[in-house]
Amino acid sequence: MHFRSTEQANFASLVEQHLHAPDAPLLLEGATGMGKTRAYLAPLLASGLRVAIVLPTHALIDQLLASTDLSACRGTASVTAFRPARFYNSREACQEARQAAQDAQVMLCTSASVIIDQRLAGAYNGSTQRDYILFDEADQLPSAAALQQDCEIGADVLRLYNIRIDDGIQAAVRALLAKTRIEPEVRAAALLIQEALEEPAWFRTAGLTEDGSIALFHRLPGRLLKRIANRGNVAFVSATLSVNGNFNVFRAAMGIERASSLSAIIEPAHHGQASFHVLEEHPVNSPEWLDKTRALMLDVDRPCLVITPSFDLSEQLRVPGATVRLRDETTAAAVARMTDGLLVAAGAWAGLDTPVQWRSIIVPRIPFPAPTILDEKVESSYINSRNEGGRRLRQAVGRGLRSPDAKLDFYLLDPRHEKVRWFVPSRFADAWKNRMVEGRRREVQLSQIERSSYYRKRALAAYGTFCHACGFTPRVDSQIHVHHLHPLHEGERETTLADLVPLCANCHALAHSESPPLALDALRGLVREPVVRAI
């Protein structure tokens, strides 16, 4: 088997060694773009074992089945795919695929499929009886957001089965489980929710979401997989499995007592080039922040990907020439519509790869996950949100580093980056240290003259929120300064309205460009004189 780098070959070697001599759960992190898929497929398929692919969507399965990685590694190995029942045209077709998955000795899967199979005692896809299980994108396993989605009975499902929640959640779940024919995924979620309702515990909560769905929130979501997670014949693979250079957070969330001695973080010494730019001038969500982001989008090198945490923000950032990902399409489909090399896409840190080598990536706001709300109460924690936000940022950087010769400019317009500074790949530590920073505020003054917000409010109320030198009226009041006609450095005194005048930031700076400051009439004469420039 040909590997394109030493790191890819090392990754494959670790999987091969663990497959043949499993000692404890294997934790493997490989940098984005390194080629993890080929690295783990090669030893699995070379073993001669039958392999089943169990992934949550058609798109992910089709991508893997059509990938050059699979064709390069496959040879004569048996590979079958099992999809959720809703993707099959008949019950017979679903049963046939399920049986093929149960007959396979190796399974590539996600958390949802194994949780469902556990609750149905192996009757879903037989994942618990496999000789070897490999979790791809394993960083999602401890995610409360991912688990809640997997263990949610949607309002549309309740309507489909004519289940009402008027008599309470427990009654609704019992009525659902009494149905003779429901999807196995729905039954497994109902069993988990029923268990949480009947055996209350501090680490799990079941309740109603804001849209009328019944959901389970688990403060230790990975613990639902604790039994399997501690088996020696299990491997966890991801580009973002670690936090701060170790697996402690992942192990704690999953309840993993001991990791394999082969566990490793494999970071290539050289894979792409990246420059980092941090713009901290304006608070997140402010009008100035939106304007700065729009201006940046029009100025950076293309192709440019703007990654947002919501579709609403994507719409706010619509600029001429930009393609905005729609709510009902994938990022890849939005790329196919792109014409000017500028894409604004919500949630683009995850999902299928795009065929574009992005030259610039802009993240206006760190994608901390939205809080989980059940029965009008916030259940999620800050720590989980911070870790998930950091992982998503690392995935966002990886979007621009898909090949060894990639060149990326990464722009971040959120001053909260210090909370998740570990998101930068270690090979770019110097690039991050030497990042370009705009708008950073530093408190380095030795003394401070006291100013009263009371007089500022009075001055703006009395004189208006416009510049009394040039006449400029800003969009927000914070852009107007209140200037003292008699400088404060002359000493302590009682301020009066007659001593104050509203000025824009430019005129305020001009007034103080001389000592003593320019009088108001002199300032007006300067800013209102016509300026003639030679051409």
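The table below gives the values:
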quantity	calculated
Residue within segment 316-337 that is buried (at least 23 other Cβ atoms within 10 Å of the Cβ), modelled with pLDDT of 90 or more and at negative phi present	yes
Subset of segment 214-225 [outside any strand (DSSP E or B) and either modelled with pLDDT of 80 or more or open to solvent by less than 40 Å² (accessible area, probe 1.4 Å) (or both)]	Pro221, Gly222, Leu224, Leu225
Criterion (open to solvent by 20 Å² or more (accessible area, probe 1.4 Å) and modelled with pLDDT of 65 or more) met by exactly one of Arg391, Arg427, Arg441	Arg427
Residue count, segment 1-34 (criterion: under 21 Å from Val243 (Cα atoms) and either of a type in the set (Phe, Trp, Tyr) or outside any helix (DSSP H, G or I) (or both))	12
Residues that are touching a strand residue (DSSP E or B) at 6+ places or on another chain (Cβ under 6 Å) and not hydroxyl-bearing (Ser, Thr, Tyr), drawn from segment 240-261	Leu241, Phe247, Val249, Ala259
Residue match in segment 241-262 (condition: more than 25 Å from Tyr40 (Cα to Cα), in a loop (DSSP other than H, G, I, E, B) and modelled with pLDDT under 90)	no
Residues of segment 286-326 that turn out to be under 13 Å from Leu342 (Cβ atoms) and in contact (Cβ under 8 Å) with a residue 60 or more places away in the chain, as a count	7
Every residue from segment 172-201 that is within 27 Å of the chain's Cα centre (by Cα) and open to solvent by 20 Å² or more (accessible area, probe 1.4 Å)	Glu185, Val186
Close pairs from segment 88-108: first under 24 Å from Ala42 (Cα atoms), partner part of a strand (DSSP E or B) and among the small types (Gly, Ala, Ser), Cβ under 6 Å, at least 6 apart	Ala101/Ala52; Ala104/Ala52; Met107/Ala52
Output for segment 460-475, where each listed residue is over 19 Å from Leu523 (Cα atoms) and over 41 Å from the mean Cα position of the chain (by Cα)	Leu460, Ala461, Ala462
Residues that are outside any helix (DSSP H, G or I), touching a Phe, Trp or Tyr at 6+ places or on another chain (Cβ under 9 Å) and more than 26 Å from Phe87 (Cβ to Cβ), drawn from segment 155-213	Arg204, Thr205, Ala206, Gly207
Gln105 vs. criteria of a type outside the set (A, V, I, L, M), open to solvent by 30 Å² or more (accessible area, probe 1.4 Å) and at pLDDT below 75	no
Selection status of Val344, under 16 Å from the mean Cα position of the chain (by Cα) and not hydroxyl-bearing (Ser, Thr, Tyr)	yes
Enumeration of residues in segment 456-498 that are more than 22 Å from Pro287 (Cβ to Cβ), open to solvent by less than 20 Å² (accessible area, probe 1.4 Å) and either modelled with pLDDT of 85 or more or among the hydrophobic types (A, V, I, L, M, F, W, C) (or both)	Ala459, Ala469, His483
Filter pass, Asp299 being surrounded by fewer than 21 Cβ atoms within 10 Å (Cβ to Cβ), charged (D, E, K, R) and within 24 Å of Asp136 (Cβ to Cβ)	no
Test for Leu49: is it modelled with pLDDT under 80 and either assigned to a loop (DSSP other than H, G, I, E, B) or out of contact with any His (no Cβ under 8 Å at 6 or more places or on another chain) (or both)	no
Some residue of segment 305-312 being exposed (fewer than 15 other Cβ atoms within 10 Å of the Cβ), in a loop (DSSP other than H, G, I, E, B), on the phi > 0 side of the Ramachandran plot and not β-branched (Val, Ile, Thr)	no
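Each row is one residue, and each column tells you yes or no for (1) under 14 Å from Ser426 (Cβ atoms); (2) surrounded by fewer than 21 Cβ atoms within 10 Å (Cβ to Cβ).
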| site | (1), (2) |
| --- | --- |
| Phe236 | no, no |
| Val243 | yes, yes |
| Asn246 | yes, yes |
| Ala259 | no, yes |
| His271 | yes, no |
| Val278 | no, yes |
| Glu288 | no, yes |
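The values are calculated or read from the model by the stated rules, or taken from the named source; none is laboratory data. Model, not experiment: these values are computed from the prediction. Neighbour counts run over all protein chains shown; Cβ positions are idealised from the backbone, glycine included. Keep in mind that these areas ignore ligands, DNA and RNA; they rest on the heavy atoms of the full protein, side chains included. Shrake-Rupley method; radii C 1.70, N 1.55, O 1.52, S 1.80 Å.
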